[in-house]
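A.B. asks: Sharing a structure below in structure tokens format, with a few things to ask.
The values are calculated or read from the model by the stated rules, or taken from the named source; none is laboratory data. What you see is a predicted model; the values in this text were computed from it and never measured. Here the Cβ is made from the backbone with ideal geometry for all residues, glycine too, and neighbour counts use every protein chain on show. Calculation scope for accessible area: heavy atoms of the full protein, side chains included, ligands and nucleic acids excluded. Shrake-Rupley method; radii C 1.70, N 1.55, O 1.52, S 1.80 Å.
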Amino acid sequence: MKVCGIELKGNDAIVTCLQGDKENFHLIETNSKKIGVKDSKNQADIQDFSKNINAFLAQHQFDRIGIKARSVKGKFAGGPTSFKLEALIQNTQWKVEVIHGATIRAALKAKVIDESGVNKYQVEALMVARYLLEF
């Protein structure tokens, strides 16, 4: 199985991709670790993000794609740009799952997650990808 975990942070979709199953998997090296939008108020920039994310997903043909959910209100609420990016990703031709962070943490709490091979900023996307392989 080929999976893509996505964390939306600021103006970026941070991606980590894995291939295999829950017992035996490896990191897929991709040219993109972040797919971003320069100015979320600029239509051309939003269209570029949409083209880039679609091209990335089409290139890799993932079996499952997941996005870590963000809070809609409160101290740790996601920013408006991240919700715009989520909508663009969900509007692709592929099925996209939005998974709550607490669900991911609960499902993986007994697992030892090897974070080597990913940048520190990709760890949350890695957790989403690991969740997708597990369930």
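A.B. asks: So for the chain, taking the charge dipole from beta-carbon charges (+1 Lys/Arg, -1 Asp/Glu), which of VAL15, SER40, VAL118 sits furthest toward the positive end?
C.D. replies: SER40
A.B. asks: Follow-up question, since we're still on this one. Going by alpha carbons, how many degrees (0 to 90, nearest 10) lie between the helix axis of 123-134 and the longest principal axis of the chain?
C.D. replies: For 123-134 against the chain, the angle is about 60 degrees.
A.B. asks: What is the calculated FRET efficiency for GLU29 to ALA77, with r their C-beta to C-beta distance and R₀ = 30 Å, to the nearest 0.05?
C.D. replies: 0.35
A.B. asks: Angle, helix 80-90 long axis vs. longest principal axis of the chain, Cα atoms, 0 to 90°, nearest 10?
C.D. replies: 70 degrees
A.B. asks: Also: How large, in percent, is the carbon and sulfur part of the accessible surface of the chain at a probe radius of 1.4 Å?
C.D. replies: After summing per-atom areas, the C and S share lands at 48 percent.
A.B. asks: Springs between alpha-carbon pairs under 10 angstrom, Gaussian network model over the chain: which of LYS111, LYS34, LYS51 fluctuates most?
C.D. replies: Looking only at LYS111, LYS34, LYS51, the biggest GNM fluctuation is shown by LYS111.
A.B. asks: I've got another one for you. Can you show me the helix-derived [θ] at 222 nm for the chain, built from DSSP H runs with n ≥ 4 at -39,500 (n - 2.57) apiece and divided by the number of residues, rounded to the nearest 500.
C.D. replies: -11500 deg cm²/dmol
A.B. asks: Given a Förster distance of 22 Å, report the FRET efficiency between ASN42 and GLN90 from their Cβ-Cβ distance, rounded to the nearest 0.05.
C.D. replies: Here the calculated transfer efficiency is 0.55.
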